[in-house]
Amino acid sequence: MLDRAAEIADDPDAVADRHRGKLLGTLFFEPSTRTKMSFTAAMKRLGGDIVDMGPVDQSSVKKGESLADTVRVVEGYADALVMRHPLEGSAKMASEFIDVPLINAGDGAGQHPTQTLLDLYTIRENAGFDDLTVGIMGDLKYGRTVHSLAHALTNFDAQQHFISPESLQLPRGVRYDLHEAGASMREHTELGGVLETLDVLYVTRIQRERFPDENEYREVAGQYQIDADTLDAAKDELTVMHPLPRVDEIAADVDETEHAQYFQQAHNGVPVRMALLDLILEGSA
Ligand code: NCD
């Protein structure tokens with residue numbers, strides 16, 4: 001998939017008409033900028049188009065329609081669906097009601113697998129996968145991009161360091177899966193001491209909207225921030241990534257450094273999602 005994405009990034013014109021007439025149904029039950037817009041751009045750059053459910057509060061969900069019914073209807077309008085939903089497991093569940101492919105664009109605090117594809121693409125373009133040491137910092141409990149990335153990295157020769165407050169460590173299920181996969185991993189509460197060993201630092205936002213209690217959020221908000229001075233201790237070649245949106249985890253002065261790859265990372269979402277859609281739509285061509 002990453003090879004195909006690189007091929008597409010090199011020569012997007014070669015696929016500009018490849019899926020003319022195909023439609024992608026987009027169902028976003030939660031806010032999204034990057035994921036939705038890059039899927040839209042990807043589909044259009046393959047010659048296809050999208051049909052969008054629109055905002056949840058203007059859809060039949062407002063009238064009490066079940067998710068199963070919504071996807072059963074919408075599968076009749078499109079060749080594939082992409083869905084983001086606040087409930088963990090919702091994408092898997094919805095896919096069981098329909099015959100067209102359904103892509104998980106984030107299921108609550110569960111997984112975000114297409115973000116991981118573009119994260120892997122970005123890692124490969126920068127640090128590469130040989131003898132890789134990755135630090136993943138911030139909200140490891142609710143951050144779905146972290147869960148997907150940590151799983152995926154077990155397929156590579158990667159050491160993983162998880163840096164978070166104790167209250168936001170990896171969920172037990174993810175930690176268990178990593179152990180089962182034989183992952184080389186360690187958990188820390190401080191970035192200091194581990195930063196200098198890293199090839200990649202993947203920073204995440206504290207997922208405020210997932211906290212059951214606003215006070216719990218306030219206790220951890222504002223910790224685990226980096227700025228250009230923090231990175232003095234890092235390797236010169238350190239790649240700093242972030243799935244975005246950032247709040248205050250990465251100071252603006254990092255943007256000017258050679259370390260910053262998060263905007264390029266977001267841009268990589270288009271060729272990567274083009275490669276994914278190409279693979280999925282080819283099956284139904
Ligand atoms: C992430 C998400 O939605 O999980 N955003 C994204 O898709 N790039 C990260 C986040 O919201 O913090």
Check: Simple spin-label model, 7 Å along Cα-to-Cβ: residue 63 to residue 225 in nm?
Finding: 4.8 nm
Checklist line | Sorted peptide list for 144-155, 7-18, 260-271, criterion being average Cβ within 10 angstrom, highest first | finding: 144-155, 260-271, 7-18
Checklist line | Percent carbon-and-sulfur accessible area, segment 160-214, ignoring ligands, DNA and RNA, probe 1.4 Å | finding: 43 percent
Next item on the list: Between residue 7 and residue 72, with labels modelled 7 Å along Cα→Cβ, what's the label distance in nm to one decimal, could you check?
Entry: 3.9 nm
Item checked: 1.4 Å probe accessible area per residue over segment 163-260, in Å² -> 54 Å²
Check: Using alpha-carbon positions, what is the distance between the centroids of segment 219-246 and segment 158-176, in Å?
Finding: 17 Å
Margin query: What whole-number distance in Å separates the alpha-carbon centres of segment 260-280 and segment 1-54?
Written below: 9 Å
Notebook entry, point to check: If you bin every alpha carbon distance in the chain into 5 Å steps from zero, what whole percent lands in each bin?
Noted result: 1, 5, 12, 16, 18, 16, 14, 10, 6, 3, 0
Item checked: Listed pairs 62/92; 22/92; 36/141; 63/141; 36/62 exceeding 26 Å between Cα atoms -> 63/141
Checklist line | residue 260 long-range amide H proximity, modeled H, under 5 Å | finding: 240
Notebook entry, point to check: Roughly speaking, to the nearest percent, how much of segment 19-100's 1.4 Å accessible area is carbon and sulfur?
Noted result: 52 percent
Margin query: Explain nothing, just the number: dipole magnitude of segment 136-238 about its Cα centre with +1 on each Lys and Arg Cβ and -1 on each Asp and Glu Cβ, in debye rounded to the nearest 20.
Written below: 440 debye
Check: Stretched out fully, how many nm does the piece from residue 252 to residue 208 gain, at 0.36 nm a residue minus the Cα gap?
Finding: 13.7 nm
Item checked: Rounded accessible area per residue of segment 1-106, 1.4 Å, Å² -> 52 Å²
Check: Can you pull the accessible area of residue 37 for me, 1.4 Å probe, Å² to the nearest 10?
Finding: 130 Å²
Next item on the list: Would you mind checking segment 111-155 for residues with the amide N under 13 Å from a putative spin-label position 7 Å along Cα→C-beta of residue 197?
Entry: 132-136
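The values are calculated or read from the model by the stated rules, or taken from the named source; none is laboratory data. None of these values were measured; they are calculated from a predicted model. Cβ sites come from the backbone with ideal geometry, for glycine too, and all protein chains shown count toward neighbours. All accessible areas refer to the heavy atoms of the entire protein, side chains included, with ligands and DNA or RNA removed. Shrake-Rupley method; radii C 1.70, N 1.55, O 1.52, S 1.80 Å.
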